[in-house]
Amino acid sequence: MASRKMLIDGDANQTNENDQADYDFDLFVIGAGSGGVRAARFSANFGAKVGICELPFHPISSEVIGGVGGTCVIRGCVPKKILVYGATLGGEIEDARNYGWELNEKIDFNWKKLLHKKTEEIVRLNGIYKRLLSGAGVKFFEGEGKVVGPNEVHVIQTDGTKLSYTAKHILVATGSRAQRPNIPGKELAITSDEALSLEEFPKRAVILGGGYIAVEFASIWCGMGATVDLFFRKELPLRGFDNEMRAVVARNLEGRGINLHAQTNLTEIVKTDGGLKVYTDHGEEFVADVVMFATGRIPNSSRLNLEAVGVELDKSGAVKVDEYSHTSVPSIWAIGDVTNRMNLTPVALMEGTCFAKTVFEGKPTKPDYSHIPCAVFSIPPLSIVGLSEEQAVDQANGDTLVFTSTFNPMKNTISGRQEKSVMKLVVDAETDKVLGASMCGPDAPEIMQGIAIALKCGATKAQFDSTVGIHPSAAEEFVTMRSVTRRVAPAKKVRTNL
Ligand code: NDP
């Protein structure tokens, strides 16, 4: 990869034959989601002439997959979090009774009102993202982008007009889309795209999948009063997370009224007069208003013509990149979900920033994937940073110390809600370094962001212990876990297939 070598040698402005060509743009970005917009703006701020394209979107239809802001803003994190707020309030209203609030009138939930408010907010954010681009001097084109050569893109507009531009660098930032399992009747099911814009509130919902989206939507719909049946293949949801915390999430979901069906898959969906009938591989039948697949996402690479110009894809369709987000074609780069590295918005932002620094600031910068915190916005949420107990024990040469705290949040003592918060620290016994932290309970993501800074700085358990708590708070438990819950020797490596 000639151009990568050039950059690593430290001079992004060094010229070669390629550099002397007269291009329309220094950078053309395909995809104006979180990563693409970040890369475009930062590159423009470093002096690059930047163009970017994105499909149009209709705020209440999910048929066209597009919109400046991308999945996170239009049909992902942001609208989902708005619905999580809406659903959480239902439980809070219940909790308020024992705090003296007399809720005499019947309390109703108006789905259409929330949906309308959510859509207004998404439209507002879409406008802000467009203004961010124009404010940075980035030229925006509405239409579908295709790579037609190492330095040439086409933008196909909705009326069929084809625009052609040349660029010294092309950045692919087209994200991912929901995938549907091949089950008879699969066309009757929806994905999270449609779930965020349903005309009618689903009073009976069936969800297939045990990942982020499945667990989050189960919490949303249940919190708003629906009957929710959640089907997943493993014994516990959220494969890949700390097993103990997965069990806590499962317990909490059940405690909130969600019906969990572990080790169960759907085999068929049939439309009936009474609703959608789903059949399971356990021989059971359920009837629902909505069946949602939350069975993972696949990279949006197939319509870009990438392989024809020499960009290598892996077998999942993800664009193969090196640690600088450089593809197998020297002038073409890729960031975000389309590369299927760590599919989170803040990671795409980091990759976009690193790309801009590497290519247009002349400072080769690799994204740092260590200590990336994340959260599952179930109700209550789970948030983690660093290693799970299983990962720590797996990687350790010496013993691993596990500290846990299970407690009744102070608010619940009055509200009467039966739901424990659980926190966990995983520590290297020899170095005392905290390797991982997790929490399931109210405000877990807000608390974990600060813990992530501590872990990134290499904090030891002794430093956690010497930090003064904020009282009374749940967060103070992280600095008051004095006694070891268990000590796990490396020989006791636990390998489960939960
Ligand atoms: P995930 O990859 O998190 O989970 C997919 C789930 O679907 C798993 O439980 C998997 O089961 C199951 N599954 C896959 N194929 C099938 C099948 N054929 N039949 C039955 N079950 C199946 O995907 P999501 O769709 O939930 O989310 C996609 C990505 O979006 C996440 O990985 C995450 O990166 C991102 N995201 C992040 C959020 C956040 O940060 N809060 C929120 C939402 C999404 P098994 O475990 O058995 O393989």
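The values are calculated or read from the model by the stated rules, or taken from the named source; none is laboratory data. Just so you know, these numbers come straight off a predicted model, no measurement behind them. Neighbour counts run over all protein chains shown; Cβ positions are idealised from the backbone, glycine included. We work out accessible area using only protein heavy atoms, side chains counted, and drop any ligands, DNA or RNA first. Shrake-Rupley method; radii C 1.70, N 1.55, O 1.52, S 1.80 Å.
Just list whichever of Lys363/Lys456; Lys146/Lys168; Lys118/Lys234; Lys130/Lys357; Lys80/Lys112 have alpha carbons separated by over 24 Å in the model shown. List each step's numbers first, then the result.
Numbers: Lys363/Lys456 22 Å; Lys146/Lys168 15 Å; Lys118/Lys234 33 Å; Lys130/Lys357 22 Å; Lys80/Lys112 15 Å.
As for pairs spanning more than 24 Å Cα to Cα, those are Lys118/Lys234.
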What does the extension gain come out to for Val287 and Leu188, with contour length at 0.36 nm per residue minus their alpha carbon separation? 34.4 nm
Quick check for you: which residues of region 387-427 have the amide N under 14 Å from the point 7 Å beyond the Cα of Glu446 toward its beta carbon? 410-411
Which ³J(HN,Hα) values in Hz, rounded to whole numbers, follow from the phi angles of region 80-97 under the Karplus curve 6.51 cos²θ - 1.76 cosθ + 1.60, where θ = phi - 60° and Gly and Pro get x? 4, 5, 4, 5, 4, 4, x, 5, 4, 4, x, x, 5, 5, 4, 4, 5, 4
For a quick check: with amide H placed at 1.01 Å from N, whose amide H comes under 5 Å from Thr267's, ignoring anything fewer than 5 positions away on the same chain? Tyr279, Thr280, Asp281
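What does the highest-first list of 314-320, 195-201 look like by mean Cβ count within 10 Å? Display every interim value, and only then the final one.
Working: 314-320: 15.3, 195-201: 17.4.
Ranked by mean Cβ neighbours within 10 Å, highest first: 195-201, 314-320.
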Any chance you could get the radius of gyration and Dmax over the Cα atoms of region 153-193, in Å? 16.9, 47
Inter-probe distance in nm under a simple model that places probes 7 Å from Cα toward Cβ, at Ala262 and Thr431: 3.4 nm
What percent antiparallel are the DSSP beta bridges of the chain, to the nearest 5? 65 percent
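What does the net charge come to around Gly275 if you take all other residues with beta carbon closer than 10 Å to its beta carbon, with K and R at +1 and D and E at -1? Working shown, then result.
On the way: positive: Lys203, Arg204, Lys271, Lys277; negative: Asp273, Asp289.
Residues close to Gly275 contribute a combined charge of +2.
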A 1.4 Å probe over the protein heavy atoms gives region 141-214 a carbon and sulfur accessible-area percentage of 51 percent
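Per residue, how many Å² of accessible area does region 120-214 show with a 1.4 Å probe? Provide the component values of the computation, followed by the final result.
On the way: 4300 Å² over 95 residues.
Heavy-atom accessible area per residue stands at 45 Å².
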Between the Cα axis of helix 444-456 and the main Cα principal axis of the chain, the angle (0 to 90°, nearest 10) is 60 degrees
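Within 14 Å, Cβ to Cβ, of Ser483, how many net charges do the neighbouring residues add up to if Lys/Arg are +1 and Asp/Glu are -1? Mind dumping the intermediate values first?
On the way: positive: Lys424, Lys461, Arg482, Arg486, Arg487; negative: Asp465, Glu477.
My count for the surroundings of Ser483 gives +3.
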Using 5 Å bins from zero, what percent of all Cα-Cα pairs in region 410-460 falls into each bin? 5, 17, 24, 18, 15, 10, 8, 4, 0
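Could you sort 410-416, 448-454 so that the peptide with the highest average Cβ count within 10 Å comes first and the rest follow in order? Could you put the intermediate results ahead of the total?
Values: 410-416: 13.4, 448-454: 18.1.
The peptides rank, most packed first, as 448-454, 410-416.
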Using only the alpha-carbon atoms, what does the chain span along each of its principal axes? Please give whole angstrom values in decreasing order. 70, 64, 44
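Mind putting a number on the dipole of the chain about its Cα centre? Charges go on the C-beta only, +1 for Lys and Arg and -1 for Asp and Glu, and I need it in Debye to the nearest 20.
Details: 55 positive and 60 negative charges, 62 e Å.
Value, rounded to 20: 300 debye.
Translational D (Stokes-Einstein, µm²/s) of region 244-336 at 10 °C and 1.306 mPa s when Rh comes from the Kirkwood sum over C-alpha pairs?
Taking Rh from Cα pairs, D becomes 91 µm²/s.
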Taking Cα atoms only, helix 34-45 is inclined relative to the longest principal axis of the chain by an angle, in degrees rounded to 10, of 40 degrees
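Quote to one decimal, in nm, the extra length available between Glu254 and Lys234 on full extension: 0.36 nm per residue of separation minus the C-alpha distance between them.
Details: separation 20, 0.36 × 20 = 7.20 nm, distance 1.60 nm.
Here the answer is 5.6 nm.
Residue separation times 0.36 nm, minus the C-alpha to C-alpha distance between Lys456 and Lys117: what's the value?
Values: separation 339, 0.36 × 339 = 122.04 nm, distance 3.76 nm.
118.3 nm is the gain from fully extending Lys456 to Lys117.
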Which angle between 0 and 90 degrees, to the nearest 10, do you get for helix 345-356 versus the longest principal axis of the chain when only C-alpha atoms count? 20 degrees
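Just to make sure I understand: if all protein chains stay in place, what is the order of Arg246, Arg131 by accessible area at 1.4 Å, largest first?
Numbers: Arg246 5, Arg131 150 Å².
Descending order: Arg131, Arg246.
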Using a 1.4 angstrom probe on heavy atoms only, work out the carbon and sulfur share of the accessible area of region 348-488 in %. 54 percent
At 222 nm, what value in deg cm²/dmol follows for the chain if DSSP H runs of at least 4 each add -39500 (n - 2.57) and the sum is divided by all its residues, to the nearest 500? -8500 deg cm²/dmol
Once R0 is set to 35 Å, what does the formula 1/(1 + (r/R0)^6) return for the Cβ-Cβ distance between Lys203 and Tyr99, expressed as a FRET efficiency to the nearest 0.05? 0.75
Going by accessible area, probe 1.4 Å, with all protein chains left in place, what is the ranking of Arg180, Arg482, largest first? Arg482, Arg180
Setting aside same-chain residues fewer than 8 positions from Lys277, which lysines have a Cα under 16 Å from its Cα? Lys186, Lys203
The simple spin-label model distance between Phe109 and Val484, using points 7 Å out along Cα→Cβ, in nm, is 4.5 nm
Take Ser192, Ser134 and sort them by solvent-accessible surface of the protein heavy atoms, 1.4 Å probe, largest at the top. Ser134, Ser192
